[in-house]
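The structure appears right after this line, and notes come after that.
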Amino acid sequence: MLVKATGLKKHYTIQKGFFSNEKRVVHALDGVDIEINEHETVGLVGESGCGKSTVGRLLIGLIKPTSGTVQFMGSDIFELEKDELNKIRKDMQIIFQDPYASLNPRKTVRQILSRPFIVHNRAQGDMEGTILDLLEEVGISPAHRYIDRYPHEFSGGQKQRVAIARALALQPKFVVADEAVSALDISIRAQILNLMKELGDKFGTTFLFISHDLSVVRSFCDKIIVMYLGKIVESTDVETLFTSPLHPYTKALLSATPIPNPRSTRGSKRIILVGDVPSPIDIPVGCRFNTRCPYAFDKCREEEPILRKKGESCVACHLY
Amino acid sequence: MESTQGNELLSVKNLKTYFYLSQGQVKAVDGIDLSIPRQKAVGLVGESGCGKSATALSIVRLLPSPPSKILDGKVLFKGKDLLKLSEKELREIRGKEISIVFQDPMTFLNPVLKIGDQIGETILEHQPVKKGEVKRKIVELLEHVGIPGAQDVVEYYPHQLSGGMRQRVLIAMALSCNPSLVIMDEPTTALDVTIQRQILELIKRLIEDSDMSLMLITHDLGVVAEICDYIYIMYAGRIVEHADVYTIFEAARHPYTRGLLASALSIEEHREELVGLDGSVPDLMAPPSGCKFHPRCSNAKDVCWEEEPPLVQLESSHFVRCWLER
């Protein structure tokens, strides 16, 4: 097992008003267990505010959990000494959604891509050759013409390629892709997905692929985890999730996703959820989904369901 | 669209909108013809930077000039050429007969005005409604677009509403004067999946229940497949293919349309490898010679480099701009 997270919680305390002393707690993440095997691509899906990005950041140690542990190749990353953690860090990387924001506008591509090598003391020998190879690898070619350019001289798709090159520079074992293709046009999105797949296979990278778009994870991932309001509601392999979803929220998500085929979408019955996702400050009592669930009954309003094994899947719902 | 000639609400003929920037000239909309029949939903599809929004904004003359300039063309709406109207005459139509819903509701709602006042402004501008009746009308509209507790929402400021609710407010505002044409520019792109579904269902219901037409601008093929009757595919300022929704999805002929369809992911199938399009949308400041799509086209012949293909008719309602179809 590459990554194993147990009982992860992340709460943020906020002040109610500027002058008020009253504190309120945002339950960004409320007890999540995740296991990711080597060479596996895991998709993490859910709507905004469900805690999926928080999970991504916790798993690579960018933020500290309120409670819970994260083990990376057997060692607890929040217990490690600083220099030990730094050593492990080169094996975990992240690609963010917005390449405009994640690349420093005042640094050239050469500077951006040599940073990982410098930080991890790997900057010996022919750095220029390494960076040129890296650029060619992510499809920015001819690389020598682009190496001294600044981010604003690239298109959105090319910038994301640079961000991918940076993340894969040290051939990490584990990469978190946080909505890495959401900001891209569809033809570019397909190119970037192909690139990540190809490089992932080549270097044996394990991906945690965070997305709100189910059609993207359908083609890219082996295993899917569905989150709602800081908890996992269902997790299973990709085929099972799309052919026989169990949790009402998963069903609603699938039913809500538009399908690019006019014959399959017209006139079909859909599950339409009413209302918005509740605030993570005031989490509903009982099952978190009960306020929007079309099947909710008394027990759902009283007792919170736990994630249980059901056939091929794990699901947190009183219906099962 | 021969069959719908008599039933035409809006018809755009040879529309050209160029931007004059310090770096050069951008041919954002370069000779576009399109037609929107009554009570139909028409989709304008393409990637960012291909001129979709510029087309929509040119139709209602909302682009700032300079830097933009509408050089040529006609926009016939109920027989009147919108490009020839005076600003005053145009204001009678804009917001009343033609209204627009934009992608990002936060940018288009005034943050310091109450929701009720913002919708009321549109109504008072265009309709002979008494001040006292306006509030009742606003509440009705908000209820019509599915906003719970409409009585209270009237008194809210935009920041007190969620993204989906703000989009509903914009739609309510667009509907306030019973327009015959609503232009929606990426109305659900900024929303979450389940909220997007609510808005899509609302749009579908509105098209069915009223006699308005819809022009939907989007890059999401899933959304057009569901909502639109007829689709225009736009690339680098030009229409490259147009046909009814089934023809586009099942018998598209232009390599760009096919590439878009091949790039579109669906929850219905697992695709091992995506065969999409290489390269990216060209810089409109220095567009390619000949067919604008030839640098990305795998079947490009010599003629594609040299000369731009004309839009040819394949069937009664299927047109394509490609040399391979000659």
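A few points about this structure:
- Mean residue ellipticity (222 nm) of chain B, computed from DSSP H runs ≥ 4 via -39,500 (n - 2.57), nearest 500: -9000 deg cm²/dmol
- Aspartates and glutamates with Cα under 20 Å of A:LYS202, excluding same-chain neighbours fewer than 8 positions away: A:GLU38, A:GLU40, A:ASP91, A:ASP133, A:GLU136, A:GLU137, A:ASP222, B:GLU272, B:GLU273
- Shielding by partners - mean other protein chain Cβ count within 10 Å, residues of B:219-228: 5
- Relative contact order (%) - criterion: Cα under 8 Å, at least six apart; region: the range A:245-320: 25
- Sparse packing (at most 11 other Cβ atoms within 10 Å of the Cβ) combined with a DSSP loop state is found for the following trypsin sites (Lys or Arg not before Pro) in the range A:234-297: A:LYS269.
- Shielding of A:41-48 by partner chains, average beta-carbon count, 10 Å: 2
- Within 10 Å of the Cβ of each residue in A:178-188, the mean number of Cβ atoms contributed by other protein chains is 5.
- Cβ-to-Cβ counts within 10 Å put A:ASP282, A:ASP276 in ascending order as A:ASP282, A:ASP276, the fewest first.
- Screening chain A for whole DSSP H helices of 20 Å or more along their axis (Cα) with average Kyte-Doolittle hydropathy at least 0.0 returns A:186-203.
- Lys-Lys pairs in the range A:44-173 that are eight or more residues apart or on separate chains and whose Cα atoms lie under 20 Å of each other come to 9.
- Average projected area [Cα convex hull, the range A:245-320], square nanometres: 6.3
- Global form of the range B:18-109, assessed from the alpha-carbon gyration tensor, a/c cut-off 1.5: rounded
- Taking 1.306 mPa s as the viscosity and 10 °C as the temperature, the Stokes-Einstein diffusion coefficient of chain B based on its alpha-carbon Kirkwood radius rounds to 76 µm²/s.
- Packing order of peptides B:234-241, A:167-174, highest average first: B:234-241, A:167-174 (average count of other Cβ atoms within 10 Å over each peptide's residues).
- About the centre of its Cα atoms, chain A shows a dipole size close to 680 debye [charges on the beta carbon of Lys, Arg (+1) and Asp, Glu (-1) only; nearest 20 debye].
- For q = 0.13, 0.15 Å⁻¹, Debye-computed log10 I/I(0) when each Cα of chain A counts as one equal scatterer: -1.02, -1.27
- Size-normalised alpha-carbon gyration radius of the range B:55-99, reference 2.2 N^0.38 Å: 1.08
- In chain B, the longest principal axis of the Cα atoms and the axis of helix B:115-126 are about 80 degrees apart.
- By the beta-carbon count within 10 Å of each Cβ, the least crowded to most crowded order of B:GLU8, B:GLU269, fewest first, is B:GLU269, B:GLU8.
- Taking every DSSP bridge with both residues inside the protein assembly as shown, close to 65 percent are antiparallel.
- The alpha carbon gyration tensor of the protein assembly as shown gives principal lengths a ≥ b ≥ c with a/c of 1.5 or higher and a/b no greater than b/c, which makes the shape oblate.
- With an a/c value of 1.5 or above and a/b larger than b/c for the gyration tensor axes a ≥ b ≥ c computed over the alpha-carbon atoms, the range B:108-178 is described as prolate.
- Within the range B:80-148, the trypsin sites (Lys or Arg not before Pro) that combine a DSSP coil assignment with at most 11 other C-beta atoms in a 10 angstrom radius are B:LYS130.
- Mean separation of Cα pairs under 8 Å and 6 or more residues apart, divided by the residue count, gives chain B a relative contact order of 21 percent.
- Distance violations [Cα-Cα > 21 Å] among B:LYS80/B:LYS292; B:LYS16/B:LYS88; A:LYS251/A:LYS310; A:LYS269/A:LYS299; A:LYS197/B:LYS292; B:LYS13/B:LYS40: B:LYS80/B:LYS292; B:LYS16/B:LYS88; A:LYS269/A:LYS299; A:LYS197/B:LYS292
- Between the range A:167-188 and the range A:201-269, the C-alpha centres lie 18 angstrom from each other.
- Loop-located GluC sites (Glu not before Pro) in the range A:33-108 (DSSP state other than H, G, I, E, B) with a sparse environment of at most 11 neighbouring Cβ atoms within 10 Å: A:GLU79, A:GLU81.
Every read-out reported here was derived from the displayed coordinates using simple, explicitly stated rules and does not represent laboratory data. No experiment lies behind these values; they were computed from the predicted model shown. Virtual Cβ from ideal backbone geometry, glycine too; neighbours counted across all protein chains shown.
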